[in-house]
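Asks: Quick one: structure below, then a few questions.
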Amino acid sequence: DRILRGPVMKVEDLYQEIILDHYRSKHHSGLREPYDAEVQHVNPTCGDEVRLRVRLEGDTVADVSYDAMGCSISQASTSVMTDLVIGRDVAYDLGLYEEFLAMMQSKGQIEPDEERLEDGIAFAGVAKFPARVKCALIGWSAFRDAVMRAQSASSKEMEQ
């Protein structure tokens, strides 16, 4: 009975805690080798930067590493993204990118799929703030571009 009368954590508070946890303890941070492609994305509006490397093994994302400077949202979102994509099929991961992008562009109107986006759902509230959407997307966009670059390089090698 006493537990029921205590303070109740709101979903928004839980989401904020997830974002802060990933910001404080960034997963897969620090550039690693070997890698198949590297990209750098900069958000000129706020100065966030992400330099990201991806390594593929066939159609699987074997590794993602990054170096980032910027706000807690951009760094936490990149950390969450790495957890979601490493070890999974490229096509699946690009589908996650599309889902995350749709959620971020929805202005809070799309209910995210928690089973697929896991901690990524914590950024659903960020979608209500258009100025912060680019922050949440910078790492995801860098990942997509790095995968495309790695796949392009791989197909060129096969042609030779």
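Asks: Please work out, to two decimal places, the log10 of the ratio I(q)/I(0) at q = 0.17 Å⁻¹ from a Debye calculation in which every Cα of the chain carries one identical scatterer.
Replies: -0.95
Asks: Holding the Cα-Cα limit at 30 Å, pick out from 10/107; 134/156; 107/156; 26/156 the pairs that are longer than that.
Replies: Among 10/107; 134/156; 107/156; 26/156, the Cα-Cα distance tops 30 Å for 134/156; 107/156; 26/156.
Asks: Taking Cα centroids, how far is segment 71-100 from segment 22-40 in Å?
Replies: 12 Å
Asks: Please give me, ordered by residue number, the trypsin sites (Lys or Arg not before Pro) of segment 98-146 that lie in loop per DSSP and have at most 16 other Cβ atoms within 10 Å.
Replies: 107
Asks: Moving to a separate point now. Given a Förster radius of 25 Å and the C-beta distance between residue 99 and residue 72 as r, what FRET efficiency does 1/(1 + (r/R0)^6) yield to the nearest 0.05?
Replies: Calculated value: 0.70.
Asks: Given +1 on the Cβ of Lys and Arg, -1 on the Cβ of Asp and Glu, and no further charges, what dipole in debye does the chain carry about its Cα centre, rounded to the nearest 20?
Replies: With Lys and Arg at +1 and Asp and Glu at -1, about 640 debye.
Asks: Just to verify a number: FRET efficiency for residue 118 and residue 148, C-beta to C-beta distance, R0 = 30 Å, to 0.05?
Replies: 0.80
Asks: Quote to one decimal, in nm, the extra length available between residue 89 and residue 24 on full extension: 0.36 nm per residue of separation minus the C-alpha distance between them.
Replies: Extra length from residue 89 to residue 24 when fully extended: 20.6 nm.
Asks: Taking Cα pairs under 8 Å and at least six residues apart, what relative contact order does segment 4-160 come out at, in percent?
Replies: Over segment 4-160, the number comes to 26 percent.
Asks: Ignoring ligands, DNA and RNA, please state the percent of accessible area on the chain from carbon and sulfur, probe 1.4 Å.
Replies: 50 percent
Asks: Further question: Charges at C-beta only: +1 for Lys and Arg, -1 for Asp and Glu. How large is the resulting dipole of segment 90-155 about its Cα centre, in Debye rounded to 20?
Replies: Result for segment 90-155 is approximately 460 debye, rounded to the nearest 20.
Asks: In addition: Please compute the modelled spin-label separation between residue 45 and residue 110, points set 7 Å along Cα→Cβ, answer in nm with one decimal.
Replies: Taking the two extended label points, one gets 1.7 nm.
Asks: Express the accessible area of the chain per residue in Å², computed with a 1.4 Å probe while the remaining protein chains stay in the model.
Replies: 57 Å²
The values are calculated or read from the model by the stated rules, or taken from the named source; none is laboratory data. Please read all numbers here as calculations on a predicted model, not as lab measurements. Neighbour counts are summed over all protein chains in view; Cβ atoms, including those assigned to glycine, are modelled from backbone coordinates with ideal geometry. Each accessible area value is taken on the protein alone, full model and side chains, heavy atoms only, with ligands, DNA and RNA left out. Shrake-Rupley method; radii C 1.70, N 1.55, O 1.52, S 1.80 Å.
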